[in-house]
Amino acid sequence: MAKIHFVDHTGETRTIEVENGATVMEAAIRNAVPGIEAECGGACACATCHVYVDEAWREKVGGPSPMEEDMLDFGFDVRPSSRLSCQIKVTDELDGLVVSTPERQA
């Protein structure tokens, strides 16, 4: 299990315990985290689960795959720290991960 901290665009933080193997997006949907729409259900076919990975976690989380980069092109306010939360698998190493949601999804 890992604790993931979701920070919305207003600064409100929600902390959720997530089982290993789940994605950050799945945890957000199961716990009704505002700002994660996940219209494609985690198939990496949209950009509605876009998050910003906190700078301290970027190396551990890693960068986006080429397919994910293509989908991020459709995201709102994409930054170097942008990832699709459906592509981030939770492991013990991500305990304490902090991600922020954009003001809106594309």
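Of the residues making up the range 47-56, not a single one is in a loop (DSSP other than H, G, I, E, B), over 11 Å from the mean Cα position of the chain (by Cα) and under 25 Å from Met1 (Cβ atoms). Taking each residue of the range 33-45 that is touching a residue at least 12 places away in the same chain (Cβ under 8 Å) and farther than 23 Å from His9 by Cβ and looking for partners that are assigned to a loop (DSSP other than H, G, I, E, B) and not small (Gly, Ala, Ser) with beta-carbon atoms closer than 9 Å, six or more apart or interchain, yields Ala45/Glu39.
When the test is whether a residue is touching a His at 6+ places or on another chain (Cβ under 7 Å) and either crowded, with 18+ Cβ neighbours inside 10 Å or at pLDDT below 95 (or both), Leu84 passes it.
A quick yes/no check of all residues on (1) of a type outside the set (Val, Ile, Thr); (2) touching a Pro at 6+ places or on another chain (Cβ under 8 Å):
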{"site": "Asn20", "(1), (2)": "yes, no"}
{"site": "Glu39", "(1), (2)": "yes, no"}
{"site": "Thr48", "(1), (2)": "no, no"}
{"site": "Met71", "(1), (2)": "yes, no"}
{"site": "Ser82", "(1), (2)": "yes, yes"}
{"site": "Val98", "(1), (2)": "no, no"}
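Look through the range 57-80, keep the residues that are aromatic (Phe, Trp, Tyr) and in a loop (DSSP other than H, G, I, E, B), and return whichever of them is farthest from Gly11 (Cα to Cα). Before you say what the answer is, go through the steps one by one.
Restricting attention to the range 57-80, the residues satisfying the condition of being aromatic (Phe, Trp, Tyr) are 57, 74, 76.
Cutting the leftovers down to in a loop (DSSP other than H, G, I, E, B) gives us 74, 76.
Details: Phe74: 24, Phe76: 18 Å.
Only one residue tops the list, namely Phe74.
When Met1 is tested against (1) exposed (fewer than 12 other Cβ atoms within 10 Å of the Cβ); (2) touching a strand residue (DSSP E or B) at 6+ places or on another chain (Cβ under 6 Å); (3) modelled with pLDDT of 95 or more, exactly one condition is not met: (3). Restricting attention to the range 47-64, the residues that are farther than 17 Å from Thr91 by Cβ, without any contact (Cβ under 8 Å) to a residue 40 or more places away in the chain and surrounded by 12 or more Cβ atoms within 10 Å (Cβ to Cβ) total 1.
Annotation note: of Glu26, Glu17, the sole residue that is in contact (Cβ under 8 Å) with a residue 12 or more places away in the chain, part of a helix (DSSP H, G or I) and not aliphatic (A, V, I, L, M) is Glu26.
The values are calculated or read from the model by the stated rules, or taken from the named source; none is laboratory data. Please read these numbers as outputs of a predicted model, since none were measured by experiment. Here Cβ is always computed from backbone atoms with ideal geometry, including for glycine, and neighbour counts include all displayed protein chains.
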